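Structure record follows, encoded as structure tokens.
The values are calculated or read from the model by the stated rules, or taken from the named source; none is laboratory data. Just so you know, these numbers come straight off a predicted model, no measurement behind them. As a convention, Cβ positions derive from the backbone with ideal geometry for all residues, glycine included, and neighbour counts pool all protein chains shown.
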Amino acid sequence: MKVRVSHKTSSLITAIICFLVVLTVVGISDIGFSKQGDKKTVLLKSLGPARVGKAAPWFAAQDVNSIGKIINLNKVIKQPDTNKTVLVFFATWCKPCKEGLEILRLNQQKLEKAKIKVIIIDYQEESDQVQEFLKQNHLTAFTTIIDKFGQNSKSYGVAVTRKGGKMEASLPKTFVIGTDGKLLAIIGEEGEDYVERIIEAK
């Protein structure tokens, strides 16, 4: 028994076949579906009391990698070889933090060439634990301090809470500071253009 197919139905089938061929050739993701690698950096205008265009909260703390060395934010941002200062709040148990710090590590030369100073700030962990994390992830070149009492995190609007025995945090968070001490950018989530956003912040 023969099945008759109308001209209209035949045209529809042909169109569907052509569409499937196009999907195969160019890839589904190129026709409106976003790829994970295309994730863009999320910029914030404010986070808690911290606001872009306003003065960055001041702090002074000991460098984990240099015993007795105190990191004074006001002095760091005014160093002649520094165009911008970047603060990255993190924790060793935070997977996205590790990924973001890895991006900075891989782009360290680019950041240094742009005269950008990176300070990473751990949230309330022990010095030995932080130092081990830095060594394992090859991050010892970055100036590192520990926010032992959570005061610095609070002043920058970075929240960390404990729920059901687990730590939940708005980590990581990145703050870009100009030589005048004002916040140039607040980065809520790192994307593929993370480093570019830091360098271009003005």
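Which one is surrounded by the most Cβ atoms within 10 Å (Cβ to Cβ), of the residues in segment 116-131 that are over 22 Å from Gln79 (Cβ atoms) and touching a residue at least 24 places away in the same chain (Cβ under 8 Å)?
Among those residues, the one meeting the criterion is Asp122.
Is it true that Ala185 is under 13 Å from the mean Cα position of the chain (by Cα), surrounded by 14 or more Cβ atoms within 10 Å (Cβ to Cβ), in the same structural domain as Leu44 (by TED's automatic domain parsing) and over 23 Å from Asp63 (Cβ atoms)? Break it down into steps so the answer makes sense when it comes.
Values: under 13 Å from the mean Cα position of the chain (by Cα): yes; surrounded by 14 or more Cβ atoms within 10 Å (Cβ to Cβ): yes; in the same structural domain as Leu44 (by TED's automatic domain parsing): yes; over 23 Å from Asp63 (Cβ atoms): yes.
Taking the combined requirement at face value, the residue satisfies it.
Give segment 121-139 a look and list any residue that's assigned to a loop (DSSP other than H, G, I, E, B) and basic (Lys, Arg), or say none.
none
Of all residues in segment 78-95, how many are at pLDDT 95 or above and outside any loop (DSSP other than H, G, I, E, B)?
Qualifying residue count, segment 78-95: 7.
From Lys135, Lys110, Lys148, Lys98, which residue is farther than 16 Å from Lys173 by Cα, surrounded by 14 or more Cβ atoms within 10 Å (Cβ to Cβ), basic (Lys, Arg) and modelled with pLDDT of 95 or more? Spell out how you get there, then give the answer.
On the way: Lys135 fails: surrounded by 14 or more Cβ atoms within 10 Å (Cβ to Cβ); Lys148 fails: modelled with pLDDT of 95 or more; Lys98 fails: farther than 16 Å from Lys173 by Cα.
Step by step, each of Lys135, Lys110, Lys148, Lys98 is checked, and only Lys110 is farther than 16 Å from Lys173 by Cα, surrounded by 14 or more Cβ atoms within 10 Å (Cβ to Cβ), basic (Lys, Arg) and modelled with pLDDT of 95 or more.
Yes or no: segment 40-60 includes at least one residue that is under 14 Å from Glu190 (Cα atoms), touching a residue at least 12 places away in the same chain (Cβ under 8 Å), charged (D, E, K, R) and in the same structural domain as Val195 (by TED's automatic domain parsing).
Looking only at segment 40-60, we keep the residues that are under 14 Å from Glu190 (Cα atoms), and these are 40-44.
Add one more test, that the residue is touching a residue at least 12 places away in the same chain (Cβ under 8 Å), and what stays is 40-44.
Adding the requirement that they be charged (D, E, K, R) leaves 40.
Going one step further and asking which of them are in the same structural domain as Val195 (by TED's automatic domain parsing), we end up with 40.
Yes, segment 40-60 has at least one match.
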